[in-house]
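Asks: First the structure, then my questions, so here it is.
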Amino acid sequence: MKFENTGIEKLKAELNRLDEVMTDYGLVRAGQWDYERVTYDRKFELKEGVFYLRVQGYSVEGDVDTFKATIQLMTPLLGKHYYPHGVEYGEGENFPSSLVNQCKKILENINTEISKFAL
């Protein structure tokens, strides 16, 4: 599921500041990066299954491995994990409305925080 028009997809931010804000809202980057891309995930374990809120971005300046990069954020996603296949984001997935609302609130707060220092 894509969270369209959150405003996050219009933001560019410095990687270290972005890492701080994302961590504050439970989204971790961990080892999910390469020299040009980053992925922040927050895991939700519910009775309906395991879900991930995912915010991705790519470097428009600098390299992620040097921690000196400007990241352009992309449209946030919500996916359901299927073992052992991975995460599905498709339109045919059913996402609990309480989870969708919780994710919208998290994304709204992230947008507000990052907008304060966005480039």
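Asks: Among the residues of the range 1-29 satisfying the criterion of being in contact with a strand residue (DSSP E or B) (Cβ under 8 Å, 6 or more places away or on another chain) and in a loop (DSSP other than H, G, I, E, B), which is nearest to residue 74 (Cα to Cα)?
Replies: So the residue we want is 11.
Asks: Right, here's the next one. Mind telling me which of the residues 87, 50 ends up being in contact with a His (Cβ under 6 Å, 6 or more places away or on another chain) and closer than 18 Å to residue 2 by Cβ? Please lay out each step first, then the result.
Replies: Working: 50 fails: closer than 18 Å to residue 2 by Cβ.
None of the others qualify; the one that does is 87.
Asks: Follow-up. Return the pairs, sorted by first residue and then second, in which the second residue is surrounded by fewer than 19 Cβ atoms within 10 Å (Cβ to Cβ) and not in a strand (DSSP E or B), the first residue lies in the range 41-66 and is without any contact (Cβ under 8 Å) to a residue 24 or more places away in the chain, the beta carbons are less than 7 Å apart, and the residues are 6+ apart or on different chains.
Replies: Correct list of pairs: 41/32; 56/74; 58/36.
Asks: While we're here: Sort out which residues of the range 43-67 are more than 13 Å from the chain's Cα centre (by Cα) and among the polar types (S, T, N, Q), and write them in order of number.
Replies: Correct list: 59, 66.
Asks: Would you please name the residue that is surrounded by the fewest Cβ atoms within 10 Å (Cβ to Cβ), looking only at residues in the range 67-119 that are among the aliphatic types (A, V, I, L, M) and touching a helix residue (DSSP H, G or I) at 6+ places or on another chain (Cβ under 7 Å)?
Replies: In this case the residue turns out to be 74.
Asks: Limited to the range 42-67, what total is found for residues that are outside any strand (DSSP E or B) and among the aromatic types (Phe, Trp, Tyr)?
Replies: Kept after step one, since they are outside any strand (DSSP E or B), are these residues of the range 42-67: 47-48, 64-67.
Still in the running and among the aromatic types (Phe, Trp, Tyr): 67.
Count: 1.
Asks: Which one of 86, 7, 79 is on the phi > 0 side of the Ramachandran plot, in contact with an Asp or Glu (Cβ under 9 Å, 6 or more places away or on another chain) and of a type outside the set (S, T, N, Q)?
Replies: 7
Asks: Of 50, 100, 64, 87, which residue is within 19 Å of residue 16 (Cβ to Cβ) and among the aliphatic types (A, V, I, L, M)? Don't jump to the end; show me each part of the working.
Replies: Numbers: 50 fails: within 19 Å of residue 16 (Cβ to Cβ); 100 fails: within 19 Å of residue 16 (Cβ to Cβ); 87 fails: within 19 Å of residue 16 (Cβ to Cβ).
Result: 64 is the single residue among 50, 100, 64, 87 that is within 19 Å of residue 16 (Cβ to Cβ) and among the aliphatic types (A, V, I, L, M).
Asks: Here's a follow-up. Kindly provide the set of residues from the range 7-40 that are under 12 Å from residue 106 (Cβ atoms), among the acidic types (Asp, Glu) and either modelled with pLDDT under 95 or surrounded by 15 or more Cβ atoms within 10 Å (Cβ to Cβ) (or both), ordered by number.
Replies: Selection gives nothing.
Asks: Between a first residue in the range 6-32 that is hydroxyl-bearing (Ser, Thr, Tyr) and a second residue that is in a helix (DSSP H, G or I), which pairs have beta carbons less than 7 Å apart while being 6 or more apart in sequence or on different chains?
Replies: These pairs meet every condition: 6/107; 6/111; 25/106; 25/109; 25/110.
Asks: Which one of these is of a type outside the set (Phe, Trp, Tyr), within 12 Å of the chain's Cα centre (by Cα) and not in a loop (DSSP other than H, G, I, E, B): 75, 112, 39, 70?
Replies: 39
The values are calculated or read from the model by the stated rules, or taken from the named source; none is laboratory data. Small disclaimer: the values here were computed from a predicted structure and weren't measured. Glycine gets a Cβ as well: all are built from the backbone with ideal geometry, and neighbour counts include every protein chain shown.
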